[in-house]
Amino acid sequence: MSLDPTKSTAGSDAIVLNLLYDRLIHISPDGEPIPGLAESWEIDPTGNTMTLHLRDDVTFHDGTPLDADAVKANLDRAMAEESTVNAELATFDSVEVIDPQTVQFTVPLASPALPLYLTGRSAMMMSPASFGAVDLDTKPAGSGMYTVTETDPGVSVEFVRNDDYWDPEAIGAAGVEVSYNTDGQTRLNSVKDGQTDWAFIDAAAADEAADAGLQLLDQTDIVFYRVALNLARAEFDNELVRQAISYAIDREAILDVVFDGEGIVLDQAFLPGRPGYNEDVAGTYTYDPDKARALLTEAGVDEGVAFELLTPNSTYYSKMSDAIAAQLAEVGITATLRPVPGGDVIRLYAIDKDTDALTVANRSGNLDPLITLRDLYSEDGRLNPSGMTVPGFNELYEEASTATDADAREAAIESLTALVVESAMDIPMFNATSFFAMAPGVAGAQGYLNGQPEFRGVGIVAG
């Protein structure tokens, strides 16, 4: 992965990038927007503006002051056509410098959800003096808790404490080394052996971690696993085929095998009780291979359907995709698996448009459901390579986007959810509890609802 957030292709990149960059607005562990580089903000519904007041004690890692001009330069860069995160800022018409510590956004409609749009990768601030640096992808000058010292692409990134950081209590360690490994057991063993202090582990290994005396953090978040479908490829422009795929997959069985049953089966993008969740369409796609076969017959593809399924090459994704392919084969659908490094999947699927479908976890961290619906299912959604949507989507999206009443907005969003589910625009499968194993000395660890741990205040207690 590049350490330039405007080249980031996966939501999970934020877990590393959050060490290096601050965003304009931060997110609390329970999903509320809180001050970051902007110490306060206000929304003017009559003037359709949002004004941010910046901290006056922030410098980038290269010593450049962070001011309104630097913020505008970063946002202009993130909004540029070549940026991979420009869709995150599509809600804003423009950004203007009011004074050295104030920027103002103009929007078509001033929504209370606006602060959430400035909590992601597009709102990560980098020193404008480093924009043209030859080593920008590996050693950028950020604004966050730690500074990059060494990068081995695809292997590891090393950071050292930023002694000039505006919030010194947030830095709990002298340095951090992030290493990449696709095998869950190897990651767990590295903590057991004292080689690492923190690792994302497979759910089935949680008992082993506890028995070894390690700390466990089980994170309930909004991340959901799905099979993303390019509606312009294979037979996916046919709603009946998409519905057949959804009926052919036994979500509960896969959750049991891959995540030890630790999670919630879903057939929509949102969890029960969360904004956007539509109870009326919950349970639409129960496992029913006979119905799947009947739908394929009705679609006129009795001879079967074949497509390529891109999958990250980690242990749990391999198990998941193997199970999906086996279940689809039982109803006459052939899914040919194509394993690739996890850092490449979004680029191959959404940018290069180089596959038919993708097994993926939606780790975008979006807490406003309308952002998720736009990114995944709208014609210009950044994770919708087909450029296609279903009849009625645009009208409902416009209704939700322009609603001034919170209840009316939520009703329109839930109607969008129902439309996406009934049309089977993709195949949501489940939300799985995330498990992290930590060395006994790790202190300050917290789970984050958006699925992106920030490591603020996390450190090692001397024992």
Just grab the label-to-label distance for Asn48 and Asp280, each label 7 Å out from Cα along the Cβ direction, in nm (one decimal).
3.0 nm
Rounded to a whole number, what % of the accessible area of segment 323-408 do carbon and sulfur atoms account for, probe 1.4 Å?
50 percent
Around Tyr285, with a cut-off of 11 angstrom between Cβ atoms, what is the net charge of the other residues, counting Lys and Arg +1 and Asp and Glu -1?
-1
Gain in length, Thr138 to Ala80, computed as 0.36 nm per residue apart minus the alpha-carbon separation, to one decimal in nm?
18.8 nm
Give me the net charge for the shell around Ile34: Cβ to Cβ below 14 angstrom, other residues only, Lys and Arg +1, Asp and Glu -1.
-3
Cα gyration tensor of segment 322-463, axes a ≥ b ≥ c as square roots of the eigenvalues: rounded (a/c below 1.5), prolate (a/b > b/c) or oblate?
oblate
Return the aspartates and glutamates within reach of Lys353: Cα separation strictly under 19 angstrom, same-chain partners fewer than 8 residues apart disregarded; answer none if there are no such residues.
Glu81, Glu82, Glu235, Asp237, Glu308, Asp344, Asp375, Glu379, Asp380, Asp426
What is the set of long-range amide H partners of Ala306 at a cut-off below 5 Å, with H atoms built 1.01 Å from backbone N?
Thr334
Mind checking the per residue accessible area of segment 327-463 for me, 1.4 Å probe, whole number of Å²?
36 Å²
Label selected from (i) 23.6; (ii) 26.3; (iii) 23.0, the criterion being Kirkwood radius over Cα pairs in Å as computed here
(iii)
Protection proxy (average C-beta count within 10 Å per residue), highest first, orders 87-98, 414-425, 232-243 as 414-425, 232-243, 87-98
Lys and Arg at +1, Asp and Glu at -1: add these up for the other residues within a Cβ distance under 14 Å of Leu3 and post the number.
-4
For segment 33-169, accessible area per residue (1.4 Å probe, heavy atoms of protein chains only), Å²
43 Å²
Using only alpha carbon pairs under 8 Å that are at least six residues apart, calculate the relative contact order of segment 1-154 and give it in whole percent.
33 percent
How high is the relative contact order of segment 94-153, given as a whole-number percent (alpha carbon pairs under 8 Å, six or more residues apart)?
18 percent
Of Leu231, Ala206, Ser190, farthest towards positive along the dipole that unit charges on Lys, Arg, Asp, Glu beta carbons give segment 187-257:
Leu231
Considering the options Ile15, Ile25, Thr46, tell which one lies farthest towards the positive end of the dipole of segment 7-84, charges being +1 on Lys and Arg and -1 on Asp and Glu at the Cβ, about the Cα centre.
Ile15
Computed over the chain, the relative contact order (Cα-Cα under 8 Å, seq sep at least six) in percent reads 20 percent
Mind running the shape call on segment 273-404? Use the C-alpha gyration tensor, a ≥ b ≥ c as the square roots of the eigenvalues: rounded below 1.5 for a/c, prolate if a/b tops b/c, oblate otherwise.
oblate
Going by the alpha-carbon gyration tensor, a ≥ b ≥ c the square roots of its eigenvalues, is segment 41-187 rounded (a/c under 1.5) or, if a/c is not under 1.5, prolate (a/b greater than b/c) versus oblate?
prolate
Amide N of segment 367-386 lying under 20 Å from the label point, which is placed 7 angstrom from the Cα of Ala408 along Cα→Cβ:
369-371
Taking the Cα centre as origin and putting +1 on Lys and Arg beta-carbons and -1 on Asp and Glu beta-carbons, what dipole magnitude results for the chain, to the nearest 20 debye?
580 debye
For segment 135-282, the percent of accessible surface on carbon and sulfur atoms (probe 1.4 angstrom, ligands and nucleic acids excluded) is 42 percent
Could you work out [θ]222 nm for the chain from helices alone, using -39500 (n - 2.57) per DSSP H run of at least four and dividing by all its residues? Round to the nearest 500 deg cm²/dmol.
-7500 deg cm²/dmol
Rounded to whole Å², per residue accessible area for segment 228-292 with a 1.4 Å probe reads 41 Å²
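The values are calculated or read from the model by the stated rules, or taken from the named source; none is laboratory data. Because the structure is a prediction, the values reported are computed rather than measured. Glycine gets a Cβ as well: all are built from the backbone with ideal geometry, and neighbour counts include every protein chain shown. For accessibility, only protein heavy atoms count, side chains too; no ligands or nucleic acids. Shrake-Rupley method; radii C 1.70, N 1.55, O 1.52, S 1.80 Å.
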